[in-house]
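The values are calculated or read from the model by the stated rules, or taken from the named source; none is laboratory data. Predicted model only: the values in this text are computed from it and were never measured. Ideal geometry is used to build each Cβ from the backbone, glycine not excepted, and the neighbour counts take in all protein chains shown.
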């Protein structure tokens with residue numbers, strides 16, 4: 001299938017990565033530097049521009065798309081681009097909804113939405129404190145600290161937290177901040193470059209874990 005994803009933030013980037021192997025994906029992103037970074041990371045066509053520009057959407061062959069995902073942090077961009085996709089006969093359209101107060105207009109236009117904040121709240125409601133984190137405190141007999149780190153290690157990008165932690169009793173990731181979004185992670189949550197993470201770590205492993213997440217890949 002042919003798909004267009006608008007916005008190369010955490011949601012758009014992860015979606016493009018997961019779908020690019022089996023589908024022809026075109027990613028639209030307004031930030032030139034982000035476009036260059038994505039081009040190096042993913043095997044998909046990247047267009048630098050805004051999805052409210054009709055010429056940009058036409059360059060992306062909007063009339064040939066089987067699905068369209070608007071994943072920017074701007075509801076106006078998501079709405080307008082989704083409407084244009086709808087007018088061009090795209091069958092499956094999903095838009096990120098950032099402000100729940102805008103839900104009514106999306107519903108009136110029959111555009112399916114996903115609200116990251118609501119999803120995060122469901123995770124919080126299900127599991128205020130991750131049991132694995134509680135076990136770490138117990139295993140460490142209280143000899144643990146909470147630290148905040150910025151992810152700079154390219155080798156960890158797009159890697160599920162379950163694989164990064166790998167049943168380790170040294171540390172647990174308890175919160176992820178990405179694109180001004182607070183995420184209570186699940187084992188399947190993937191990290192993005194420059195994400196801020198809150199980590200519960202045993203004191204004797206603090207330096208090791210800090211290096212794990214913050215070391216930049218050498219050229």
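What the table shows:
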{"quantity": "Residues being surrounded by 14 or more Cβ atoms within 10 Å (Cβ to Cβ) and modelled with pLDDT of 85 or more - total across region 160-173", "calculated": "9"}
{"quantity": "Conditions (1) more than 15 Å from the chain's Cα centre (by Cα); (2) over 20 Å from residue 179 (Cα atoms): number failed by residue 49", "calculated": "(2)"}
{"quantity": "Condition check for residue 90: outside any helix (DSSP H, G or I) and under 25 Å from residue 181 (Cα atoms)", "calculated": "no"}
{"quantity": "Number of the exception - residue 69 against (1) under 15 Å from the mean Cα position of the chain (by Cα); (2) without any contact (Cβ under 8 Å) to a residue 60 or more places away in the chain", "calculated": "(2)"}
{"quantity": "Given (1) modelled with pLDDT of 90 or more; (2) closer than 15 Å to residue 15 by Cβ, number of the condition residue 108 does not satisfy", "calculated": "(2)"}
